[in-house]
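What follows is a single structure, written as structure tokens, with notes after it.
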Amino acid sequence: VIDIFTSSEHSYSIEIGSEMLSSWSDLVRKKLKTDTIFILIDENVWQYHKQTLGPWFESLATVHTIHIVPSGERSKSLKELSSIYDFLLGNGVKRSSTILVIGGGVLGDVGGFAAASTLRGVSFIQIPTTLLAMVDSSVGGKTGINHSTGKNLIGAFYQPDGVFVDTHFLTTLPHKEWLSGMGEVIKYAAIKKPDLFDRVFTLLADGVNPSSTEWIPIITECVSIKAEIVRADEFELGIRAYLNFGHTFAHAMEAAMDYKELLHGEAVFMGMIAATHLSNSFGANLDVNRLVRFKKYLDPVWPAPCMDFDKLVNLMGNDKKNTTEGITFVILDSWGNPRKQTVTSRDVILKALSSAVDDIT
Ligand SMILES: NC(=O)c1ccc[n+]([C@@H]2O[C@H](COP(=O)([O-])OP(=O)(O)OC[C@H]3O[C@@H](n4cnc5c(N)ncnc54)[C@H](O)[C@@H]3O)[C@@H](O)[C@H]2O)c1
């Protein structure tokens, strides 16, 4: 159990375990203010887990209504948000209601934003079902959707009332999605805990099963790092931005792909390699191989549309962290020591991109 106390004095705990959902029923029930729950669930998660989830929902509350959200990044859209509003308001959601958001980062982001904005805020509980959502997106209250001009440009900081991480969900997660989540796991090694590099690499090399409890200490460590950062900087006025290491490159790549085919964690992994080269241009002396060696297991592919570097740099111009002087990146002075750097020279960014492509291909 990891506790979060944010600066807005909203506190909640993150429970982590394997095959634990039914034993968490009492904890979930204690968080409900009424006997009605609204469930937003990813379509694949519902498909695979309805036999156990259906009876579990019944045990939690007298009334529960379910809205199934289509899988994929394209659900982080005004269109899907609008259909979630129709579901919640059409079924009489009240401020005292609770929304259960069950799925990966996409569902967490769009569902969390629906919770934040419906009736100016309905409480919600996150039940992440992908590795990425478990170690990163379900914790910390960043919610939102994409816009055609860029990723995550519409949203709100809105903390959940609880997060329940049951690694049993990983038994059905496609392997490629699990590897994508590994991109964010490795990010914690880069920005905060370099010893995670070897621990994660060893488990991957040993072929440890994604749902094995051997991964739980790694997941817990990632969540602890995220919790510590969110506690210190809930609204990303300072150090929280460090969680975006590699993301300025990654978000541009995802936008260039129109949010199709390229997975978020996969883009983050390649983005971190580019950001490591960029860090070296600013005086760091990082051995990029500490990241690149993971490509053997993560199997990233630099997509053809992302070879248009000029387009990528133009897309980076829409990033939220930017200042009027240039594009702001998170770089490292050494492993575990990130900082923000505004870059004015286009050539330095192009060089980092081209070195990353050389490493990946
Ligand atoms: N809010 C944050 O702090 C934050 C942090 C990192 C990433 N994100 C966002 O997270 C999103 C990516 O999240 P993601 O990688 O979890 O992708 P996702 O939510 O799209 O899930 C990936 C795929 O796995 C399927 N799936 C989910 N759980 C499953 C399960 N247990 N079994 C079988 N299939 C399952 C989904 O249907 C989907 O097809 C991006 O939009 C990214 O911007 C947000």
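The values are calculated or read from the model by the stated rules, or taken from the named source; none is laboratory data. A quick note: this is a predicted structure, and the numbers were derived from the prediction, not measured. Here the Cβ is made from the backbone with ideal geometry for all residues, glycine too, and neighbour counts use every protein chain on show. Quick note on the areas: whole protein, heavy atoms, side chains included, nothing else; ligands and nucleic acids left out. Shrake-Rupley method; radii C 1.70, N 1.55, O 1.52, S 1.80 Å.
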Task: Distant-in-sequence amide H partners of Val69 (H built 1.01 Å from N, under 5 Å) - done: Ile41, Asp42, Glu43
Open item on the list: Checking a compactness column here: for region 22-112, what do you get for Rg(Cα) / (2.2 N^0.38 Å), N being the number of residues?
Closed with: 1.05
- [ ] Taking every pair of Cα atoms in region 271-361, average 1/r, invert it to obtain the Kirkwood radius, and report Rg/Rh to two decimals.
- [x] 0.95
Open item on the list: At a 10 angstrom cut-off on C-beta neighbours, averaged per residue, how do the peptides 303-314, 346-357, 138-149 rank from highest to lowest?
Closed with: 138-149, 346-357, 303-314
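With r as the distance between the Cβ atoms of Ile239 and Ser82 and R0 = 35 Å, compute the FRET efficiency 1/(1 + (r/R0)^6) and round to 0.05.
On the way: r = 35 Å, r/R0 = 0.99.
Rounded to the nearest 0.05, the efficiency is 0.50.
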Open item on the list: From the Cα trace of region 170-228, what convex hull volume per residue do you get, rounded to a whole Å³?
Closed with: 76 Å³
Open item on the list: Can you order the peptides 222-233, 77-88 by their average number of other Cβ atoms within 10 Å per residue, highest first?
Closed with: 222-233, 77-88
Task: Å² of accessible area per residue within region 23-162, as computed with a 1.4 Å probe and no ligands counted - done: 39 Å²
- [ ] Provide the net charge surrounding Trp24, with neighbours chosen by a C-beta distance below 12 Å and charges set as Lys +1, Arg +1, Asp -1, Glu -1.
- [x] -1
Task: Extended-chain gain in nm, criterion 0.36 nm per residue less alpha-carbon gap, Lys30 and Glu228 - done: 68.8 nm
Task: Projected area, mean over directions - the chain, Cα convex hull, nm² - done: 16.2 nm²
TODO: Can you tell me which of 119-128, 333-342 comes out highest on packing, and rank the rest after it, using the mean Cβ neighbours within 10 Å?
DONE: 119-128, 333-342
- [ ] Could you state how much accessible area Asp359 has, in square angstrom rounded to the nearest 10, with a 1.4 Å probe and all protein chains kept in place?
- [x] 40 Å²
Open item on the list: Can you tell me which of Trp46, Trp56, Trp302 moves the most in a GNM of the chain? Springs connect C-alpha atoms under 10 Å apart.
Closed with: Trp56
- [ ] Can you check what the net charge comes to around Leu262, using other residues whose Cβ is under 12 Å from the Cβ of Leu262 (Lys, Arg +1; Asp, Glu -1)?
- [x] -2
Open item on the list: How many angstrom lie between the Cα centre of region 259-336 and the Cα centre of region 96-145?
Closed with: 26 Å
Task: Theoretical gain in end-to-end length, Thr213 to Ser22 [0.36 nm per residue, Cα-Cα removed] - done: 67.0 nm
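What helices does the chain have that are whole DSSP H segments, at least 15 Å long along their own axis by Cα, and with mean Kyte-Doolittle hydropathy of -0.5 or more? Present the calculation step by step, with values, prior to reporting the outcome.
Working: long enough: 43-60 (22 Å, -0.92); 78-90 (17 Å, 0.64); 105-117 (18 Å, 1.12); 175-191 (25 Å, 0.04); 195-205 (16 Å, 0.98); 216-232 (24 Å, 1.09); 264-281 (25 Å, 0.44); 346-360 (21 Å, 0.54).
Correct list, ordered by number: 78-90, 105-117, 175-191, 195-205, 216-232, 264-281, 346-360.
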